[in-house]
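As structure tokens, the structure follows; a few thoughts come after it.
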Amino acid sequence: MVSTTTCKTRKYPAIMSPQDGAAYLRTSRSSLSRWAHEGRNPALVRLGGQYCVSADRLAEQVYPYPDQVMASKDGQGYVDLPVLHTVSEVAEALHVTDLVVYRAIREGHVYAVQIGKRYLIPDHQMGNLHEYVGYTQLASYGR
């Protein structure tokens, strides 16, 4: 299910610095470095003596469909990446518990990116999550 709502995005250079990459992924630079050494994230590339974040490869992780990945690239060295939200932020915004958000991810109603042990939800999935929360609340009234 693809959400038709507009998505908050921000332009990032095709190669992001470790600081910018860590800020976008909502993690520390040391975690980013550890994942790079372990080979746990394909978006991390080695340039010179440091690891950087490839926004092109990151787009492949945060957008579930190839046409969204292609649309995110502007051909001038920049990539539009969606704002990522933590599970807690999303749950607070929708006035539900974290468990409801995790259940929506587990059941496949919402696409989320797993970064380390956490899930980050791209902004374009908020509509799907809102529909899921409304459906589960309606279903609970019938019990």
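The numbers here are math on the coordinates, done by the rules we state, and not lab data. None of the values given here were measured: they were computed from a predicted structure. Here the Cβ is made from the backbone with ideal geometry for all residues, glycine too, and neighbour counts use every protein chain on show.
The residues of region 17-67 that are in a loop (DSSP other than H, G, I, E, B) and closer than 20 Å to P82 by Cβ, listed by number, are S17, L25, R26, T27, N41, P42, A43, Y63, P64, Y65. List the number of the failed condition for M126; all other conditions in (1) assigned to a strand (DSSP E or B); (2) over 16 Å from L25 (Cβ atoms); (3) in contact with a Ser or Thr (Cβ under 8 Å, 6 or more places away or on another chain) hold. Of the numbered conditions (1) assigned to a strand (DSSP E or B); (2) over 16 Å from L25 (Cβ atoms); (3) in contact with a Ser or Thr (Cβ under 8 Å, 6 or more places away or on another chain), the odd one out for M126 is (1). Taking first residues from region 122-133 that are over 19 Å from R10 (Cα atoms) and partners that are among the basic types (K, R), the Cβ contacts under 9 Å between residues at least 6 apart in sequence or on separate chains come to Y132/R103. Going through (1) surrounded by 20 or more Cβ atoms within 10 Å (Cβ to Cβ); (2) part of a helix (DSSP H, G or I); (3) out of contact with any Cys (no Cβ under 7 Å at 6 or more places or on another chain) one by one, V100 falls short only on (1).
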